[in-house]
Structure formats: structure tokens, C-alpha cells
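Each remark here refers to the structure printed beneath this line.
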Amino acid sequence: MIKLIWAQDKNGLIGANNKMAWHCKEDLLYYKSLTQGQTVLLGYNNYVSLMGYYKDKPLPYGKIYLLTHRDIKIEGINVIHSIDEALKEDDLWVIGGAQIYKLMLEHADYLYVSLIKGDYVGDTYFPEVCYDDYILESKRESDVATYLVYKRK
Ligand SMILES: NC(=O)c1ccc[n+]([C@@H]2O[C@H](COP(=O)([O-])OP(=O)(O)OC[C@H]3O[C@@H](n4cnc5c(N)ncnc54)[C@H](OP(=O)(O)O)[C@@H]3O)[C@@H](O)[C@H]2O)c1
């Protein structure tokens, strides 16, 4: 099962200057409740971004696949140069950023989308999604976001 999880504004914005474009504690808690201790795939830019937030603390996931062209070794992380190895996982959360979402969208069984309310500026957008390929499985609304889960038809 491959699940993409992201937060976007109404225009599909997901990032600004290699950071999140907003601080939304409620959404972060939701994200954490789903991904903590899980097997995840992320891209190098997102990895750098997360390290800026976590600093010396370990990233809060189980098995981590990091996609990069770089020849690097990072303790506790499976550095990969193609998505093939990650695709073999039974249960994989794809946690971004935009380039990685774009690569993985065709493989996604589920989309977990948080629509963050408000107006933001940034430079990184989620790739185009054909929502006709999915059915809306759940929708929950709060003051700050709408939480949607789509399942591939
Ligand atoms: N709102 C959200 O839910 C959310 C979630 C995650 C991230 N973000 C935001 O998204 C932004 C980062 O996204 P991004 O698109 O710039 O970067 P990204 O997808 O995190 O990482 C891109 C990097 O991944 C590697 N890569 C991509 N395709 C590859 C391939 N086919 N083979 C090998 N390596 C490959 C390359 O690394 P190398 O250059 O090292 O080769 C590339 O530069 C940040 O602003 C972040 O805050 C937002």
C-alpha cells in the first residue's frame, strides 16, 4: 500500500524556501499520528528541510528511504537512487517533497491531503492530481484545515 501524505493551500502550495509555508500545529499532530514509526520515502530537499526542524534529534519514522543522486551514507537511513526498492515495501508513506510526490503519484493507492485554510506565499507546489481516479473516502473539517482521504478507484 502506497500512501501520499501532504498539506497544501487552496492553490496547491506546499513549501516556501525549502520549508513549510505555514505553521499549523493541528495538521502536524495529524501527520505525526499517521507517520510516526512508519516506513517513509522522502527526497533530499525534504530531508534537509526536516533536519532543520529536528536538528540533533532523530527523525520520528521507522524505516526511512531517502531518494538522492548523491553518493552519501547516513546512519539509520536507506539512501536510494531509484524508487524501485521503496516500491517493494508493503506499506509506504510518501512524505515529499514535490519531486518525490510527482514520481510516486502513479503508484499511490491513497492520498492523504490536508487543505490548510488561509493565504500563503511560497515556491513549491504539489503536482497535478487527477482526482477522477480516486474516490473520497473521508472528509473532516476543522477551523484551520480540511482533512481528506482519497482511495484509488
Ligand atoms: N506541505 C507538505 O506536506 C510538504 C511535505 C514535504 C515537503 N514539503 C516541502 O517541499 C519542498 C521540497 O520539495 P522539492 O520538490 O524541492 O524536493 P524533494 O522532492 O524533497 O527532493 C528533491 C530531490 O530528491 C532527489 N531526487 C528527485 N528525483 C530523483 C530521482 N529520480 N533519482 C534520484 N534522486 C532524485 C534529488 O536529490 P539530489 O539533488 O540530492 O540528487 C532532488 O534534488 C520544501 O519546501 C518542503 O518544505 C512540503
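Take the alpha-carbon positions of the chain, form their convex hull, and give its projected area averaged over all directions (one quarter of the hull surface) in nm².
For the Cα atoms of the chain, the hull's average projected area reads 8.8 nm².
Among Ser82, Tyr44, His69, which residue has its Cα positioned farthest towards the positive end of the charge dipole of the stretch 1-94, with +1 placed on the Cβ of Lys and Arg, -1 on the Cβ of Asp and Glu, and the dipole taken about the Cα centre?
Of the options given, the answer is Tyr44.
What does the charge count near Ser138 come to, summing +1 for each Lys or Arg and -1 for each Asp or Glu among other residues with Cβ under 14 Å from its Cβ?
Every neighbour counted, the sum reads +2.
Given +1 on the Cβ of Lys and Arg, -1 on the Cβ of Asp and Glu, and no further charges, what dipole in debye does the chain carry about its Cα centre, rounded to the nearest 20?
Dipole magnitude for the chain comes out near 300 debye.
If packing is taken as the mean number of other Cβ atoms within 10 Å per residue, what is the order of 124-131, 15-22, highest first?
15-22, 124-131
Going by C-beta contacts inside 10 Å, put Trp6, Trp93 in order with the fewest on the left.
Ascending Cβ contact count within 10 Å gives the list Trp6, Trp93.
How big is the antiparallel share of DSSP beta bridges in the chain, given as a percent to the nearest 5?
50 percent
Laboratory data are not the source of any read-out in this text; all were calculated from the coordinates shown. Bear in mind the structure is a predicted one, so any value in this text is a computation, not a measurement. Every residue, glycine among them, receives a Cβ derived from its backbone with ideal geometry; neighbour counts consider all protein chains shown.
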